[in-house]
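Reviewing the structure listed below.
The values are calculated or read from the model by the stated rules, or taken from the named source; none is laboratory data. In this text the structure is predicted, and so the values were computed from the model without any measurement. Every residue, glycine as well, gets a Cβ built from its backbone with ideal geometry; the counts of neighbours run over all protein chains shown.
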Amino acid sequence: MTKDEMKARTKQYSLRVIKAVQSLPEDRVARVLGSQLLRSGTSVGANYRAACRAKSAADFVNKLKIVEEEGDEALFWMELLVESGITTRQKLDELMKEGDELVAIVVSALKTTRQTQHA
């Protein structure tokens, strides 16, 4: 996957997170968890773009680590939304799968980048 393809994919993920948060019920807990999901989920795309503008390999690795952390955090908030009964697994299932895939891609890229640095 090219950097441009990954940029587009993380942007689409961010847009899907926005729609998911907009569909949550209007209660206090859903608002708080939704805000956390919105912040971390949209951060995936923003931080990936920042990684693409990294000044060095070390900077790239550091920025990709942020993408990994934010992606994992977004998954956590989605799990809480489902497990608390605020929304159903069915409603978030595809988004959670995409989040898992994006985190896996980033972890793989980090591993490859680290191996290349040490070679």
For segment 1-28, what are the residues that are assigned to a helix (DSSP H, G or I), touching a residue at least 40 places away in the same chain (Cβ under 8 Å), under 20 Å from E79 (Cα atoms) and over 12 Å from the mean Cα position of the chain (by Cα)? A20
Inter-residue pairs, beta-carbon under 6 Å, first free of Cβ contacts under 8 Å to residues at least 60 places away in the same chain and among the aliphatic types (A, V, I, L, M) and in segment 63-87, second surrounded by 18 or more Cβ atoms within 10 Å (Cβ to Cβ) and not in a helix (DSSP H, G or I), 6+ apart: L81/T87
Restricting attention to segment 29-39, does a residue exist that is touching a residue at least 40 places away in the same chain (Cβ under 8 Å), among the charged types (D, E, K, R), assigned to a helix (DSSP H, G or I) and within 22 Å of E101 (Cβ to Cβ)? no
Condition check for A30: small (G, A, S) and either modelled with pLDDT of 95 or more or touching a strand residue (DSSP E or B) at 6+ places or on another chain (Cβ under 7 Å) (or both): yes
Q90, sole failed condition from (1) under 17 Å from the mean Cα position of the chain (by Cα); (2) over 29 Å from T2 (Cβ atoms): (1)
For A58, which of the numbered conditions (1) at pLDDT below 95; (2) assigned to a loop (DSSP other than H, G, I, E, B) fails to hold? (2)
List the number of the failed condition for K91; all other conditions in (1) touching a residue at least 60 places away in the same chain (Cβ under 8 Å); (2) closer than 29 Å to Q115 by Cβ; (3) among the basic types (K, R) hold. (2)
Would you point out the residue of segment 22-55, among those that are over 16 Å from L92 (Cα atoms) and of a type in the set (S, T, Y), that is surrounded by the fewest Cβ atoms within 10 Å (Cβ to Cβ)? S43
